[in-house]
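Everything on this sheet refers to the single structure shown next.
Throughout, read-outs are computed from the coordinates displayed, never taken from laboratory work. Since the structure is predicted, the reported quantities are computational estimates derived from the model, not experimental observations. Note that each Cβ is placed from the backbone with ideal geometry, even for glycine, and that neighbours are counted across all protein chains shown.
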C-alpha cells in the first residue's frame, strides 16, 4: 500500500548557516533521537519524532512490566481465536494491560486449549450460528482482535475465487459493532491487502467511524524464529493508526539495517 509523500518542511537555509549542525540534525536532536542515526533518515520520520519517542516510552514500560501495572485495563475479544496465540500476545504474559472476556473458534480442540490457558470464555461453533443465537451475548470490549480464515486468500488455494470464507470478515465486524470496541486488529495472509475484500473491509470500517491502516509485518522483525509475513489491518475510532503503524522493530540485522532501526517506516516514504 503506497502513501503519497508529505510535502517537505519549509525552512530558511540562510538563517541556519554557521550554526554548526544542519537543520535536520537539530530537528532530530530536539526529538530526542540517537546521534548515530544515518543521514538518509527522512523528513517524514523527523516530523513524527514525537511518535517515535512515545512508542519507545511505551515499549520500555512494557518490557519493565509497568504497563500491566497501570490502573486502566482493557477488555479484549478474540474472534477466530484458534488456540489463543493472538490473545497470548495481548496478555499479561507479555506484560500488556488487556483482559480477554470472550472468544470463539470452530475447532473444539482449539477451544479447549484456549479455555485451559485464558479462562472459560471461548465458545465453540460457527461464528455465524453463534451470532444468530439469542442465547449468545457478546460482552462489551475495548478491542477486538482475530484472523478470519485465510484459505480464501492463500495462493496455495487453487480454487480461492468464490471461496465463501472470504466473507467471514462480516461476522467479525458484527462482533465489533455489538461489543462497542473502538479498536480492532485483523490478521491475515499478505494477499488480503489490495484484494476486492480488502476494499470492502476498509469501506465497512470507515462507515462505522474507524480510521483504518494496513501493512505486512515479518515475524522475524519482532523476535519470532521464522520469516513469516502476515498482513495486519488496524482500525481505531479516536486516532489515525497510520501514524504509529507498522510498529518499531525489536529485532533486526545491524549489518543490513545500521546500528539503529526506529520502526518500519519504509512504506510511508
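At a glance:
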{"quantity": "Inter-label distance for residue 121 and residue 109, nm, one decimal - labels placed 7 Å from Cα along Cα-to-Cβ", "calculated": "2.7 nm"}
{"quantity": "Ranked list, fewest to most other Cβ atoms within 10 Å of each Cβ, for 218, 236", "calculated": "218, 236"}
{"quantity": "Burial ranking of peptide ranges 240-250, 199-209, 221-231 (average Cβ count within 10 Å, highest at the top)", "calculated": "240-250, 199-209, 221-231"}
{"quantity": "Whole-Å distance, taken between Cα centres, linking the range 96-122 and the range 180-255", "calculated": "22 Å"}
